[in-house]
Each structure stands twice: as structure tokens, then as C-alpha cells.
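First the structure, then my questions, so here it is.
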Amino acid sequence: MSLGPVMLDLTGLEISPEEREVLAHPLVGGVILFSRNYASPDQLQRLVAEIHALRSPHLLVSVDHEGGRVQRFRHGFTALPPARIYGRIYEQDRKRGKHLAELGGWLMASELRAVGIDFSYAPVLDLDRGVSEVIGDRAFHSHPEKVGDLAQAYVAGMRRAGMPATGKHFPGHGAVAPDSHVDLPVDERCFADIEAEDLYPFGRLIRAGMAAVMPAHVVYAAVDERPACFSARWLKDVLRGQLGFQGVIFSDDLSMKGAQVMGDIVARGEAALAAGCDMVLVCNHPQDAVRLLDGLGVHDNPVSHLRLARLHERHAVSREALQASTDWQQAVALLEALQDHETLQLEV
């Protein structure tokens with residue numbers, strides 16, 4: 001059985017009998033985990049192994065685990081700094097900032113891979129323009145080339161740990177104030193302005209082999225009346241055509257307010273897949289997930305199957321071996337210290 005185009009979530013610390021049945025549906029291809037699914041590293045490792053054992057090839061298991069405000073697993077995992085800290089250090093010392101960003105990507109990915117998780121939706125490639133609170137310190141910097149520089153280092157760290165990277169939120173969420181979780185942001189800028197700045201980090205990371213991209217639930221009114229996640233202009237013409245991206249395109253959560261302009265959950269799923277997404281996410285609304293699976297119909301895209309298969313887990317080390325390594329111990333010491341502004345001059 002190949003991986004289907006729908007990724008959904010779970011309600012608790014274990015897979016319920018009803019969820020087990022849903023996960024067997026041929027249109028399901030993965031699971032995204034949240035804080036409610038986490039009690040301890042051991043429990044998480046058992047849960048991930050159980051999800052993986054349900055199907056062959058195994059369902060993809062993912063999480064939003066960037067660091068800072070967006071880190072789903074806390075106790076038992078290293079407290080990771082927000083991306084902005086790497087940008088601040090980069091301003092003082094470019095080489096050091098890139099080194100620490102690479103270390104941050106490696107540590108995040110290594111700890112997740114040690115419990116079996118396939119990938120985290122990271123890094124954020126948005127520009128911090130001081131406008132969007134939902135992005136804010138999740139962005140590396142406000143300058144396109146500096147975001148590209150730091151993100152490329154971060155992705156190199158993820159790759160060293162055996163984890164593929166997902167750049168978000170294409171083509172850039174940083175220029176709008178509303179949060180697409182609760183509103184539909186509209187960016188009025190012309191394509192040339194977006195291309196010159198916001199697209200730069202995406203283009204650079206795509207050329208470096210980035211595995212996946214997640215588009216924004218933002219309308220770029222001068223380009224298309226549809227949010228980017230549902231726009232063939234953005235996904236097929238720009239992302240695939242102009243930028244040459246050959247990896248996986250994930251929708252952002254179809255339950256978000258910014259997606260609801262496209263109609264009910266089935267209409268949203270159909271529109272996102274038709275626009276060019278390989279996999280769509282439905283989070284925090286299990287009934288909507290079931291409605292989507294019931295209403296989507298047959299969806300068999302061999303090219304998407306191949307793209308998704310490339311995201312399956314790479315090499316991983318046990319938690320015990322990871323935490324016994326000098327690399328892990330030094331990385332934890334350095335990155336935890338970064339969150340205290342008094343230690344920003346710590347020698348690397």
C-alpha cells in the first residue's frame with residue numbers, strides 16, 4: 001500500500017481503536033503529533049513505533065518542533081532557542097551564527113530521530129519584517145540573504161542527523177499582520193517585490209536540495225485571488241516551474257481560518273491537491289478528517305507517492321547513544337546558554 005495524500009492527528013497519548021481504523025484508510029499517509037500526544041520520551045517512542053507498525057510502507061510521523069514558541073515536546077527534550085537568536089549572533093559574527101544554526105538543526109533533528117519521528121516542519125523561511133506576530137522570532141532575520149545563509153546551515157544540520165527539511169511558509173508570511181490560524185491575511189504586494197525578497201530563501205534552499213515546502217494560507221492579491229496553498233499559479237507555475245522544486249508540497253492545516261474561504265473540508269482538500277499539494281493536513285478536527293477521507297474519492301498520483309517515499313526515516317541513533325555522545329552534550333550546553341542574553345558572547 002502506498003502513502004495516501006492525507007495527514008491527520010491523534011487525540012491522546014495512545015492510538016484509540018477508532019483512530020486505528022482511520023489510519024488504515026488508503027488515503028492516509030501520515031500523522032502529525034502535538035503536545036497532547038506527549039508524556040515522556042519513552043511513551044513517545046512507543047507511540048511512534050506503533051504508528052509505524054500499522055502500515056507498510058510506514059505512515060510518516062511529523063511534528064512542528066522549531067524551538068522557541070513552537071516546540072511540542074518539552075520535558076525530556078532540549079529547550080531549543082527561537083531562530084531569531086541565530087540571526088542576532090550572525091550580526092555580530094557571521095561564521096559563529098551559521099555554526100550555531102547548523103548545530104541547532106542537528107540537535108533538533110537528532111533528538112526527534114532518536115525517538116523515531118520522520119521529520120519536523122522546519123525551518124521557517126519567512127522574513128521577520130516586524131509586522132507578523134505569528135512569525136516574529138520564528139524567523140531567522142529580516143534580510144533575505146541572511147535568512148538564506150542561516151537556513152542553509154540549519155538544514156545542513158538536519159541533513160547530518162538524517163532528517164529532511166520542510167521550508168515554510170511559501171512564498172512568505174512575514175509581510176502580513178493577521179494570523180492565518182484565525183483570519184485570512186491578504187498581502188497586496190506585486191509579484192516582483194515578493195520575488196526579489198521573500199522568494200530568495202526558498203530558491204536558495206531548493207537549489208541546495210530541500211526536501212519539502214509548506215505554502216501559506218495567505219492571499220497575494222496581485223498574483224492570485226486564492227490563498228497560496230490552493231493556487232496553481234504559486235505551486236505549479238512559480239514553485240515547481242520557476243524555482244524548479246521537485247520535492248513534497250504539504251498544505252498547511254486545512255482547518256485554519258485562512259483555508260476556510262475554499263469551502264467545506266472536502267472542497268479544501270480537493271482544491272489543495274488540484275493546485276499541486278502532495279499531502280494535505282487536517283488537525284484538531286477528527287470529524288473533518290473522516291469527512292475528507294469519505295468525500296475525497298480515489299487519489300492516486302504516482303509522482304506524489306515517490307516524493308513522499310523519500311521522506312521516510314534515515315539513519316537514527318538510540319536516545320541513550322545520542323545523549324552519551326560528546327557532540328550532543330556540547331550542543332545542549334551551547335544552545336541552552338544562548339537563551340540567556342548574558343551568555344551571547346560564549347565562545348564556540
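The values are calculated or read from the model by the stated rules, or taken from the named source; none is laboratory data. Everything quoted here is computed from the prediction, not taken from an experiment. Cβ sites come from the backbone with ideal geometry, for glycine too, and all protein chains shown count toward neighbours.
With respect to H181, is the statement that it is touching a Pro at 6+ places or on another chain (Cβ under 9 Å), modelled with pLDDT under 95 and within 18 Å of R268 (Cβ to Cβ) true?
No, not satisfied.
Within the range 98-140, restricting attention to residues that are charged (D, E, K, R) and in contact with a strand residue (DSSP E or B) (Cβ under 7 Å, 6 or more places away or on another chain), which residue is farthest from G167 (Cα to Cα)?
Within the range 98-140, the match that is farthest from G167 (Cα to Cα) is D118.
For the range 315-348: of the residues being at pLDDT below 90 and in contact with a Ser or Thr (Cβ under 8 Å, 6 or more places away or on another chain), which is farthest from I85 (Cα to Cα)?
By that ranking, first place goes to V317.
When residues of the range 305-326 are filtered for being surrounded by 12 or more Cβ atoms within 10 Å (Cβ to Cβ), in a helix (DSSP H, G or I) and free of Cβ contacts under 8 Å to residues at least 12 places away in the same chain, how many remain?
So the answer is 2.
Give the residues of the range 26-57 that are in contact (Cβ under 8 Å) with a residue 40 or more places away in the chain, surrounded by fewer than 16 Cβ atoms within 10 Å (Cβ to Cβ) and of a type outside the set (G, A, S), sorted by residue number.
F34, P57 - these are the residues of the range 26-57 that are in contact (Cβ under 8 Å) with a residue 40 or more places away in the chain, surrounded by fewer than 16 Cβ atoms within 10 Å (Cβ to Cβ) and of a type outside the set (G, A, S).
Here's another thing I want to ask about it. For residues that are under 14 Å from F202 (Cα atoms) and of a type in the set (D, E), scanning just the range 123-158, find the one that is surrounded by the most Cβ atoms within 10 Å (Cβ to Cβ).
Filtering the range 123-158 for residues that are under 14 Å from F202 (Cα atoms) and of a type in the set (D, E), the one surrounded by the most Cβ atoms within 10 Å (Cβ to Cβ) comes out as D126.
Could I ask something else about it? In the list E145, E111, which residue meets the criterion of being in contact with a Lys or Arg (Cβ under 9 Å, 6 or more places away or on another chain), more than 28 Å from C229 (Cβ to Cβ) and at pLDDT 95 or above?
Answer to the check: E111.
Is at least one residue of the range 58-71 under 21 Å from the mean Cα position of the chain (by Cα), surrounded by 14 or more Cβ atoms within 10 Å (Cβ to Cβ), more than 16 Å from R319 (Cβ to Cβ) and free of Cβ contacts under 8 Å to residues at least 24 places away in the same chain?
yes
Which members of the range 225-253 meet the condition of being of a type outside the set (A, V, I, L, M, F, W, C), closer than 22 Å to A192 by Cβ and crowded, with 20+ Cβ neighbours inside 10 Å?
Within the range 225-253, P227, S231 qualify.
Checking L13 against (1) surrounded by fewer than 18 Cβ atoms within 10 Å (Cβ to Cβ); (2) assigned to a helix (DSSP H, G or I); (3) of a type in the set (A, V, I, L, M, F, W, C), which test does it fail?
The number of the failed condition is (2).
Still on this structure: Collect the residues in the range 200-218 that are more than 13 Å from Y154 (Cβ to Cβ) and outside any loop (DSSP other than H, G, I, E, B), keeping them in residue-number order.
Of everything in the range 200-218, those that are more than 13 Å from Y154 (Cβ to Cβ) and outside any loop (DSSP other than H, G, I, E, B) turn out to be Y200, F202, G203, I206, R207, A212, V213, M214, P215.
Looking at R138, R160 in this structure, which one is closer than 19 Å to H217 by Cβ and charged (D, E, K, R)?
R138
Mind checking which residues of the range 188-217 are under 30 Å from V266 (Cβ atoms) and either modelled with pLDDT under 95 or of a type in the set (G, A, S) (or both)?
A211, A212, A216, H217
Continuing with this model, one more query. Those residues that are under 21 Å from the mean Cα position of the chain (by Cα), farther than 14 Å from P215 by Cα and touching a residue at least 60 places away in the same chain (Cβ under 8 Å), I need them from the range 270-304; list them, please.
V282, C283, N284, P286, A289, S304 - these are the residues of the range 270-304 that are under 21 Å from the mean Cα position of the chain (by Cα), farther than 14 Å from P215 by Cα and touching a residue at least 60 places away in the same chain (Cβ under 8 Å).
If D264 meets every condition in (1) among the charged types (D, E, K, R); (2) over 16 Å from the mean Cα position of the chain (by Cα); (3) surrounded by 15 or more Cβ atoms within 10 Å (Cβ to Cβ); (4) more than 22 Å from E21 (Cα to Cα) apart from one, which number is that one?
D264 satisfies all of (1) among the charged types (D, E, K, R); (2) over 16 Å from the mean Cα position of the chain (by Cα); (3) surrounded by 15 or more Cβ atoms within 10 Å (Cβ to Cβ); (4) more than 22 Å from E21 (Cα to Cα) except (3).
Condition first: of a type in the set (D, E, K, R), within 30 Å of R307 (Cβ to Cβ) and in a helix (DSSP H, G or I). Can you find one or more residues in the range 69-82 that meet it?
No - not one qualifying residue is present in the range 69-82.
Test A222 against the stated conditions and say whether it is within 17 Å of H173 (Cβ to Cβ), surrounded by fewer than 17 Cβ atoms within 10 Å (Cβ to Cβ) and more than 17 Å from the chain's Cα centre (by Cα).
Yes.
Test each condition in (1) of a type in the set (A, V, I, L, M, F, W, C); (2) touching a residue at least 60 places away in the same chain (Cβ under 8 Å); (3) within 23 Å of D253 (Cα to Cα); (4) surrounded by fewer than 21 Cβ atoms within 10 Å (Cβ to Cβ) for A79 and report the one that comes out false.
(3) is the only condition that A79 fails.
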